Amino acid sequence: MLNHLFSTKNRTGFQVPSALPLKNLQKRRRSPTILNSLNGSVRKEEVSRRLRVAYQGAPGAYSEFAAKTACPESITVPCRAFTNVISAVETGRADLAVLPVESTMEGTAVRNYDLLLQRDLCIVQEVSLFVHYCLLAMPGVTKGELKRVISHPMALAHCGRTLAQLGLDHEAVEDTAGAVELLLSNRMLDTAAIASSRAAVLYGLDVLAHGLQDESWNVTRFLILSRDPRIGRKKRVRVKTSMAVGHHSGTLSVLLKVLSTFSSRNISLTKLEVNPSSKNNGPIKILDVDGGASVVKEFPCVLYVDFEGSIDDQKVKDAIAEISELPVFVRILGCYSADPNIYGLQ
Ligand SMILES: O=C(O)C(=O)Cc1ccccc1
């Protein structure tokens, strides 16, 4: 059960320095190459082209902003669905992928976490964005003329109470910026989109209202994924590790063991979530990436665990070894610099 520690494709040791808070982004944009600005230790030939970062949605989507926050000089690659985002990196069409995985209002985006477990990419960075929703309409359209609102399902969920107050029907589309594109291309005069004010500027729409989210504190955490564990290898400042623990029975005893293993070593957990399989979706699949040929393993329950510390730290190695003695499967999803910043986007 210690495959991840002895893998030829060892997942340890990659790190991308955190993106800077919004006020510092301009400075970073001026730096000569993205990998340089991410990490000075990457070899010269690797910095000669700009990183391509795949995200789900159209230009102006929140995920694109997360990509630009993590890699200010990158070329962003829009993709239709999250699975296409991952495939873009797997096939070499992009270098990195952006995946929203949790929000303060909705908790873990289980489907995206499932994708992370099923595919062979590793986490190299995290970005948390403050998400502020606006009501966008075609130029000249007033609130009174609106009959419905379209947006990404997460945006609609985050604005549920406000939408009920406005008395507008709503319909889910692929992403927030895609909703704006749809308005524009069909010249929809009775429909508004929920999206960012950045999308309004990009597409030339009017902002009819700001701050539509039901809770004023609305932060989404995005993960930056890569195939290449060398990205950002550098001396670490504050490092975090994410892992998944799949097991077949005794969730409570596995949970207690995980808790005591980390607490006895004074390792702080930043996330601990029990994810049982559902009748609708069947067992949770985890790709075992360490055994040469990749094998998919199935579990009725998986724990998502994020903790402070590097997989190179002896006490972390000991903790993982102890957990791996249980009848569980452990997959290290990434070891990356912890970014406590919350970046702004209106
Ligand atoms: O639709 C978008 O703009 C996205 O990037 C997905 C999303 C939607 C709402 C909050 C965060 C991410």
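FYI, it's all coordinate maths here, none of it is from the lab. Nothing here was measured: the structure is a model prediction, and the numbers come from that model. As a convention, Cβ positions derive from the backbone with ideal geometry for all residues, glycine included, and neighbour counts pool all protein chains shown.
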Ranked output for segments 74-83, 218-227 by mean other Cβ atoms within 10 Å, highest leading, reads 218-227, 74-83
With +1 on the Cβ of every Lys and Arg and -1 on the Cβ of every Asp and Glu, the dipole magnitude of the stretch 204-288 about its Cα centre, in debye rounded to the nearest 20, is 800 debye
To the nearest 20 debye, the stretch 133-210 has a Cα-centred charge dipole, built from +1 on Lys and Arg Cβ and -1 on Asp and Glu Cβ, of 200 debye
Taking r as the C-beta separation of K315 and R80 and R0 as 30 Å, the FRET efficiency to the nearest 0.05 is 0.10
Quick calc: nm separation of the 7 Å Cα→Cβ label points for D206 and D120 -> 5.3 nm
With a ≥ b ≥ c from the Cα gyration tensor eigenvalues, square-rooted, and the rule rounded for a/c under 1.5, otherwise prolate when a/b > b/c and oblate otherwise, the stretch 133-210 is rounded
Per the 1/(1 + (r/R0)^6) rule, R0 = 56 Å and r from the Cβ atoms of K297 and K143, FRET efficiency to 0.05 is 0.60
Once S216 and S277 are pulled to full extension, the length gained, defined as 0.36 nm per residue separation minus their Cα-Cα distance, is 18.8 nm
Expected sort for 190-200, 169-179 on mean C-beta neighbours within 10 Å, highest first, is 190-200, 169-179
